[in-house]
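Colleague: Mind having a look at this structure? Questions to follow.
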Amino acid sequence: MLDKLKIALVLVVVGALSGIIIYSVNELTADTIAQNKIDKEVSYYKDLFNLSADTNITYDAIEIDGYLDQEVTIYDNSGDVLGYIYKATDKNNYGEVTVLVGIAVDGTISNAVISSTTNTPTFVQTIKDKYIDNFSNQAVDSFTIDSKTGATYTYTSVVTIIEAASDYYLENRGE
Amino acid sequence: MTKKDNFLKGFFKENPIFVFLLGMCPALAVTTTFETSLGMGLLVVFVLTSSNIVVSLVKKWIPHDVRTPAYIVIIATFVTVVKMLTEAYAIELYDALGVFLPLIVVNCLILGRAEAFASKNNVVDSAIDGLGMGLGFTLGLITIGILREFLATGGIMFGVYLPIGDHPITLVSLDMIINLFNANFHITDYGIKVFSLPPGAFIALGMILAVFQFKKARKDRKIAIAKMEMIAEKKRLAAEKKKAAAIKAAQEKQAAPKLAKAGE
């Protein structure tokens, strides 16, 4: 009995020390990681509207109830609306895909990016390299999808999110 | 084993990748470029050395029955620390390594060294073993990374993923030579793209393993030939000895009647 208690105690101590070390490093790095995430998100916003890295933009993010997670309104230097970005995460058999969809004020899809995913990296890279750019400059109410690539889980998730973003835009922002 | 031998064994003689075929997952997955290979290698060096030191320090207090889960918790702690530090200070490397960074926890090289070496040796030797094996692992990754990046792009870049310098620099590029004759030539257009994809990792690893096996086979053949020559020499010496003994015996036999006659 005492032996088992000793084993349990050793494991508790190892686990506790491990927890303390991880907590300390987390305290040290949490702010930097959060700032990195914000910087990365902003760089995606600029990419979505083909803006250079040194362009100043302001944005206003609101949470959305439903399939889409967030709507971000992007303003240029003079305060004019450049467009809207919709963020959503879709679950498929291989994990999750988070996509940002940029829609310009004239009702065209500016661009879409996969910001994070747990899907197979090679398939994701193929979608990023060859297929996701095809959505650029297509009208939100009549964009076409690649029927051949549409069979892959990642592409299906991307299309689902773009369709949801388009529907939301047409319903709430379209004129 | 001296400390120097302990440190150097991981580089060639007991290289984790090319000799023991350990840690194949990162060796195939993150060796797309020289820099990602170097980044992963350095992270493994840190985790392996740190975990070896801690395992060696606490080995007396960890009961034998639960040593493996305890070692895994220790390794996982260092991997989590490394993951957070990389995410904070080398975000490009963190993105490039992706899921393979947390997967260092299950790298059998690290648990293998903790179990086979650190749990049986003192702290200094364990630290040297971790450092040597980690650097040997890094050497293996870098070799695959350089081969893959060079064949896929015709050059080697540095400064893209690691937080060193302001701008990426080209360490080597065939463009440097070819542009002396044709300014409009871009070697990247003619790279063997498959080497930047997973099948390319298997092909590159296969090529390097073939070189290692060729050298090993040649060394083994030399040893076998030397052994055969030594056996032949021993046989020859034994035959000569036998022959000399037979001649001596015959001479003694011939000399014996003469002596007997002389005695009469």
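Colleague: In the list B:Gly98, B:Gly23, which residue meets the criterion of being at positive phi and within 13 Å of another protein chain (Cβ to nearest Cβ)?
Modeller: Matching residue, one of B:Gly98, B:Gly23: B:Gly98.
Colleague: Out of B:Leu85, B:Leu109, B:Leu103, report the one residue that is surrounded by 19 or more Cβ atoms within 10 Å (Cβ to Cβ), assigned by TED's automatic domain parsing to the domain that holds B:Gly145 and in a helix (DSSP H, G or I).
Modeller: So the residue among B:Leu85, B:Leu109, B:Leu103 that is surrounded by 19 or more Cβ atoms within 10 Å (Cβ to Cβ), assigned by TED's automatic domain parsing to the domain that holds B:Gly145 and in a helix (DSSP H, G or I) is B:Leu109.
Colleague: For B:Lys59, are the conditions met, namely being buried (at least 17 other Cβ atoms within 10 Å of the Cβ) and out of contact with any helix residue (DSSP H, G or I) (no Cβ under 6 Å at 6 or more places or on another chain)?
Modeller: Answer is yes for this residue.
Colleague: Can you tell me how many residues within segment A:148-167 are free of Cβ contacts under 8 Å to residues at least 24 places away in the same chain and in a helix (DSSP H, G or I)?
Modeller: Total satisfying the criteria: 6.
Colleague: Looking only at residues that are touching a Ser or Thr at 6+ places or on another chain (Cβ under 8 Å) and of a type in the set (A, V, I, L, M, F, W, C) in segment A:113-124, which one is surrounded by the most Cβ atoms within 10 Å (Cβ to Cβ)?
Modeller: A:Val124
Colleague: Can you tell me which residue among B:Phe185, B:Phe212, B:Phe195, B:Phe181 is outside any helix (DSSP H, G or I) and within 25 Å of B:Arg148 (Cβ to Cβ)?
Modeller: B:Phe185
Colleague: I need a count of the residues in segment B:57-89 that are more than 10 Å from chain A (Cβ to nearest Cβ) and either touching a residue at least 60 places away in the same chain (Cβ under 8 Å) or of a type in the set (Gly, Ala, Ser) (or both).
Modeller: Total meeting the criteria: 2.
Colleague: Hey, another quick one. Could you check A:Ile145 against (1) surrounded by fewer than 22 Cβ atoms within 10 Å (Cβ to Cβ); (2) more than 14 Å from chain B (Cβ to nearest Cβ); (3) touching a helix residue (DSSP H, G or I) at 6+ places or on another chain (Cβ under 8 Å); (4) part of a helix (DSSP H, G or I) and say which number it fails?
Modeller: Result: A:Ile145 fails condition (4) only.
Colleague: Mind checking which residues of segment A:66-91 are among the acidic types (Asp, Glu) and modelled with pLDDT of 90 or more?
Modeller: Correct list: A:Asp69, A:Glu71, A:Asp90.
Colleague: Follow-up. Could you check, for segment B:153-160, whether at least one of its residues is assigned by TED's automatic domain parsing to the domain that holds B:Pro63, assigned to a helix (DSSP H, G or I) and in contact (Cβ under 8 Å) with a residue 12 or more places away in the chain?
Modeller: Checked against the condition, which is being assigned by TED's automatic domain parsing to the domain that holds B:Pro63, assigned to a helix (DSSP H, G or I) and in contact (Cβ under 8 Å) with a residue 12 or more places away in the chain, segment B:153-160 yields at least one hit.
The values are calculated or read from the model by the stated rules, or taken from the named source; none is laboratory data. Fair warning: this is a prediction, and the values are worked out from it, not measured in the lab. Cβ atoms come from the backbone with ideal geometry, glycine included; neighbour counts cover every protein chain shown.
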